Amino acid sequence: MKRLISTVDRWSSMPLGVVGVSGTRALLGFVGLMFYVSQYADRAYLFGPNAVLPWREFVAQLHDDGSFSLYAWSSSEAWFQLVFHLGLITALMVTLGVGGRGVLACHWVFLWSLYERQPVLLDGGDNLAYLVIPMLLATRCYDRFSLTSGLADRLARRLPAHLRSLSTPLHNLGVVAIAAQMCLVYVVSGLYKVQGSMWQDGTALFYVLRVPEFSLPGVSHLIYGNDFLVVAGTYITVLFLVYFPMGVLVPALRPWAAAMSIGFHLAIAVCMGLSGFALTMIACDLVFLDKELGKAVSMAHDLAVRLSRWARKTQQRTELAREGALTEESV
């Protein structure tokens, strides 16, 4: 019992995965920003009051689904432009780490509203973003990769001590919730695939890559035209998805499982064009790469410091050489 109490005390007093969840927040903000920017030129046609899905039909669908969207509040063109551009700015602020949890919560509302306005554009990454962003609100996801003003820290110091003490346990619960959600996504996806006949006989990859929406011209046929790549890719995908949680539970295997997941989703982004879905999954995988990401940040910082020192020394040497040349000319 003493050992258990000691473990709980240690777990509740030391924040876990701060660098990982900060990377998750930044990359999820970038995914939202990418969606806004990629659709910016056609925003009126896709999301406006006179879009391909008429505003009245959109409002009726929301009412039937029991959902909400800021774009349903008014059919005014000015309101649409205001909400769209505020959402774009909010996504940029989340990416840069400006504004804290309040801006992150607003980003979730704007993103939900935009996705509800035109659901045919979605690729599945939106569902994970809906779940993970509220979990990030409990974490210290602005401790790294952010442009903070220090206002949040000053406000936090004014809170009672017993409230401040809840920060670390809530953060750890948020990190564990994201990790559990990712394991659930992988296992459920893998188990559903196991039940399919095409996944059982090793031909699923052949049919998936032949769908026009999910094919890469000039590359896809090289994969589905090779029997070995099709069978191996199909079975490896199922095995990876089902056994991913086991790899995460073992600390020595955790970075390898996360790295394999990132490679897997990069392949999906390139070969199938599901970039939003792939980047959302990769963002959440960063939770499992906290130590490795922290080491990479430290190495990048050290390299930047060394380059800065080298640049200053080079500049000083250049100035000294110039002064010496001027002295010789004057003599």
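Overview of results
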{"item": "Solvent-accessible area, 1.4 Å probe, carbon plus sulfur percent, for the range 279-320", "result": "61"}
{"item": "Accessible area in square angstrom per residue, the chain, 1.4 angstrom probe", "result": "58"}
{"item": "Net charge, CYS271 excluded, C-beta distance under 13 Å - Lys, Arg +1, Asp, Glu -1", "result": "0"}
{"item": "Choice from TYR130, TYR207, TYR142 with maximal GNM fluctuation in the chain (Cα, 10 Å cutoff)", "result": "TYR207"}
{"item": "Calculated FRET value between LYS295 and THR148, using beta carbons and R₀ = 22 Å, to 0.05", "result": "0.45"}
{"item": "The range 195-331: equivalent-ellipsoid semi-axes (sqrt of 5 x gyration tensor eigenvalues, Cα, Å)", "result": "51, 22, 11"}
{"item": "Computed accessible area, ARG101, all protein chains, 1.4 angstrom probe, square angstrom", "result": "110"}
{"item": "Theoretical ellipticity at 222 nm over the chain - DSSP helices of four or more residues, -39500 (n - 2.57) apiece, nearest 500", "result": "-24000 deg cm²/dmol"}
{"item": "Calculated FRET value between ASP201 and LEU222, using beta carbons and R₀ = 22 Å, to 0.05", "result": "0.55"}
{"item": "Area accessible to solvent at PHE214, 1.4 Å probe radius, in Å²", "result": "70"}
{"item": "Calculated on alpha-carbon atoms, Rg and Dmax of the range 1-102 in Å", "result": "20.5, 66"}
{"item": "Label selected from [x] 43; [y] 60; [z] 46, the criterion being percent of Cα pairs over 26 Å apart as computed here", "result": "[y]"}
{"item": "Over 17 Å [Cα-Cα, the range 178-261], rounded percent", "result": "54"}
{"item": "Neighbour net charge for VAL238 - beta-carbon separation under 15 angstrom, K R +1, D E -1", "result": "0"}
{"item": "Carbon and sulfur %, accessible surface of the range 192-268 computed with the full protein complex present, 1.4 Å", "result": "72"}
{"item": "Heavy atoms of LYS295: accessible area, 1.4 Å probe, square angstrom to 10", "result": "130"}
{"item": "Order of exposure, largest accessible area first, which applies to LEU62, LEU191 with probe 1.4 Å", "result": "LEU191, LEU62"}
{"item": "Kyte-Doolittle mean at least -0.5 and Cα axial length at least 24 Å: DSSP H helices in the chain", "result": "18-38, 77-96, 100-117, 167-194, 227-249, 254-272"}
{"item": "Order of exposure, largest accessible area first, which applies to ASP42, ASP123 with probe 1.4 Å", "result": "ASP42, ASP123"}
{"item": "Apportionment of accessible area to carbon and sulfur, the range 1-93, percent (1.4 Å)", "result": "65"}
{"item": "Environment charge at ALA259 (Cβ cut-off 12 Å; Lys +1, Arg +1, Asp -1, Glu -1)", "result": "-1"}
{"item": "Listed residues CYS271, CYS141, CYS106 arranged by accessible area, highest first, probe 1.4 Å", "result": "CYS106, CYS271, CYS141"}
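The values are calculated or read from the model by the stated rules, or taken from the named source; none is laboratory data. Values in this document were obtained by computation on a predicted structure and should not be read as measured data. We place every Cβ from the backbone using ideal geometry, glycine too, and count neighbours over all the protein chains shown. Note: accessible area is taken over every heavy atom of the protein model, side chains too, but ligands, DNA and RNA are not part of it. Shrake-Rupley method; radii C 1.70, N 1.55, O 1.52, S 1.80 Å.
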